[in-house]
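Here, each number is a calculation from the coordinates, and none is a lab measurement. Predicted model, so just to flag it, every value in this text is computed and none were measured. Cβ placement follows ideal geometry from the backbone for every residue including glycine, while neighbour counts extend to all protein chains displayed.
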Amino acid sequence: MNEIKVNDQIQLCIECAKDIRLKKLIRNNGVKGLCTCCENNEFIIDVEGNEFIQMIKALIRYHFSEWDYNKHWGGDGYIPLIEENFINKENFNNQDICDELMDIIDSFKVYENYDEGVSIFAGYSDGEQNPLLQAIKANLDYSITDIAEKLKTENYFKFEDQITKMLLKYVDCAEMLIKKENGFYRARTGVEDKKRSVITGGFEGQDIFVPFSGTKIGAPPPGIAGIGRLNRAGVTYLYCATDKYTAISEIRPHPGDVVSIGKFITNRDLRIFDLTDSQFLNFYQSDKRLREFGRLNTFSELMQQVIPPAERHVYSITQLIADCIRKLDFDGILFASSVGTGDNLVVFEPELLHYTFEEAEVVEIKEVNYQYFQRECRKDVSEIF
């Protein structure tokens, strides 16, 4: 068993981190070395450095409301939440290292100056309890959700100026460049054709499939384009994914379905508005920055919100956001998938990418897994007060 000396610095590697934002911070730091926790040579971060300290506290604030961890309000503390959600402790060589790491995290300052660090408790003002801190992820900006509600009865163009002004504040940090000749993936249920092969002796072999390709797996023409998360009916955008699994997941196939996969290549550098998890790395450093992140996070959360087919009218707000980003001269939007492990790229002009048969594939869906949580229910609405 390894003993950790008092003066030893614990280095946590990217494989021992669980949260995607923490992983991205470690990778962006670009420091490789020996991980104290798993003893592998990987990208690492000093757990007593300010970047790690503020990131861990910012992740608590992002994922959890104060009543989830404040022991005075029924919580069990934040250490169990960190162990379960942010750290891949199964990767550690022994429990002593994990315990030592948790002791270090438990010693972090819980109150910081507003513009210098992240506080994880609301505290008191003039002897009165401040409102408990809400999870940033769930605390959507009212100025945006109010517009989303008004879109049920009012035309979208009435709110274009408001949304555009909000987006302009984030252009510098959200702008990213996707270089020419980068590849992305699309999927479509079904195939162009199939034929049973014949083997020696005239016996039938296996089915050979011809996948959809070219325009048949590309964006539909405007005349038949239906409503989408970012496009209105009759407007055609190219929806792609950063990996094949996400591309397949986005079309929601059923077990037994045969799916065509196609690859599309960028024809030039693309100016993209980044609404992925990476944005958190621009705002985790202080309470002030986290507050500024709230509105950008709302845009991101709306983009990846799971919407049942019967409620696609909810897309009005994301379509409006896309319209405003397009008018800011962006070529498209990158945002996290709500069903896959990667990101979605939506390009406003489909001709900015071209199809290639490279990596074309046909797959058959074996199974689909569902995750669910229980909701409150009653026998009759009269029982609800």
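Within the same chain, lysines fewer than 8 places from Lys24 are excluded, and of the rest, those with a Cα less than 17 Å from its Cα are Lys32, Lys57. A Cβ-based charge dipole, computed about the Cα centre of the chain with Lys and Arg at +1 and Asp and Glu at -1, lands at about 1560 debye. With both labels modelled 7 Å from their Cα along Cα-to-Cβ, the Asp329 to Lys379 distance reads 6.6 nm. Reported to the nearest whole Å, the Cα centre-to-centre distance from the stretch 340-354 to the stretch 365-385 is 34. Computed from the alpha carbon positions, the gyration tensor of the stretch 113-169 leads to an equivalent ellipsoid with semi-axes of 33, 15, 10 Å, biggest first. Look at where the Cα atoms of the stretch 160-220 and of the stretch 9-85 average out, and the two centres are 35 Å apart. Working note: Cα gyration tensor of the stretch 64-197, eigenvalues times five, square-rooted, sorted largest first, giving semi-axes of 40, 31, 17 Å. Relative contact order, whole percent, for the chain stands at 18, derived from Cα pairs under 8 Å and 6 or more residues apart. Other residues within the sphere of radius under 10 Å centred on the Cβ of Asn344, judged by their own Cβ, net out at -1 (K and R +1, D and E -1).
Once the convex hull of all Cα atoms in the chain is built, its volume per residue stands at 235 Å³.
For the stretch 223-320, evaluate the Debye formula with one uniform point scatterer on each Cα (no solvent term) and list log10 I(q)/I(0) at q = 0.15, 0.18 Å⁻¹, rounded to two decimals. Normalising to I(0) and taking log10 leaves -0.85, -1.13. The Thr189 and Met102 beta-carbon pair, evaluated with R₀ = 51 Å, returns a calculated FRET efficiency of approximately 0.65.
Selection among Ile227, Ala310, Phe330 by position relative to the dipole of the chain gives Ile227 as farthest towards the positive end (Cβ unit charges, Cα centre). Entry note: the stretch 171-364 has Rg to Rh equal to 1.04, where both radii use alpha-carbon atoms and Rh is the Kirkwood radius. Rounded to the nearest 20, the size of the Cβ-charge dipole of the stretch 292-385 about its Cα centre is 540 debye, with Lys and Arg at +1 and Asp and Glu at -1.
From the P(r) of the stretch 11-129, can you give the percent of Cα pairs sitting at distances over 22 Å?
That fraction is 34 percent.
So what's the net charge close to Phe273: Lys and Arg +1, Asp and Glu -1, counting the other residues with Cβ under 11 Å from its Cβ? Net local charge, Phe273 excluded: -2.
Whole angstrom only: what separates the Cα centroid of the stretch 96-110 from the Cα centroid of the stretch 256-306? What the calculation gives is 31 Å, centre to centre.
Under the 0.36 nm per residue contour assumption, what length would be gained going from the current alpha-carbon distance of Asp126 and Val235 to full extension? Could you put the intermediate results ahead of the total?
Working: separation 109, 0.36 × 109 = 39.24 nm, distance 5.54 nm.
Net length gain for the segment: 33.7 nm.
Dipole magnitude for the stretch 175-325: about 240 debye, using +1 per Lys or Arg Cβ and -1 per Asp or Glu Cβ, origin at the Cα centre.
Based on the Cβ-Cβ distance from Asp146 to Ile307, what FRET efficiency comes out when R0 is 25 Å, to the nearest 0.05? After rounding to 0.05, the efficiency reads 0.85. Among the listed pairs Lys18/Lys179; Lys179/Lys263; Lys150/Lys327; Lys23/Lys109; Lys244/Lys366, those with a Cα-Cα distance over 25 Å are Lys18/Lys179.
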